[in-house]
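Here is the structure we will look at, set down as structure tokens.
Just so it is clear, none of the values below were taken in a lab; they were calculated from the coordinates. Every value quoted in this text rests on a predicted model; they were computed, and no experiment measured them. Don't worry about glycine lacking a Cβ; one is built from the backbone with ideal geometry, like all the others, and counts go over all protein chains shown.
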Amino acid sequence: MPIPPQPRTFLCNVCDWHGTTIPLSDCLVMGVDWYSHCPKCSNETLECRAATRTEIMRTRLNDFLQRRHD
Ligand SMILES: [Zn+2]
């Protein structure tokens, strides 16, 4: 049985970048559902933890607003 993908927050401790991903399927897309390095400073040792409810809501809202402006 497939494990549903979990929303995750990635944190860069070099430049304070952070991003939350909410995978829509278990096919993870690099840079969308998953970060292997910081998009700002290319630091490759990102911290990764389960996203909080606030972060999930904010990410959903941002996705919604971006789509509306396309
Ligand atoms: Zn960084």
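The Cys residues in the chain with no partner Cys Cβ within less than 4.7 Å of their Cβ are Cys27, Cys48.
In order along the stretch 35-52, the phi-based Karplus estimate (6.51 cos²θ - 1.76 cosθ + 1.60, θ = phi - 60°) of 3J(HN,Hα) comes to 10, 8, 8, 5, x, 8, 10, 6, 4, 9, 10, 7, 7, 9, 8, 5, 6, 7 Hz; Gly and Pro are listed as x. When Leu46, Leu61, Leu28 are arranged by Cβ crowding within 10 Å, least crowded first, meaning fewest neighbours, the order is Leu61, Leu28, Leu46.
Per residue of the chain, the DSSP helices (runs of n ≥ 4 H) give a summed -39500 (n - 2.57) that works out to -8000 deg cm²/dmol at 222 nm.
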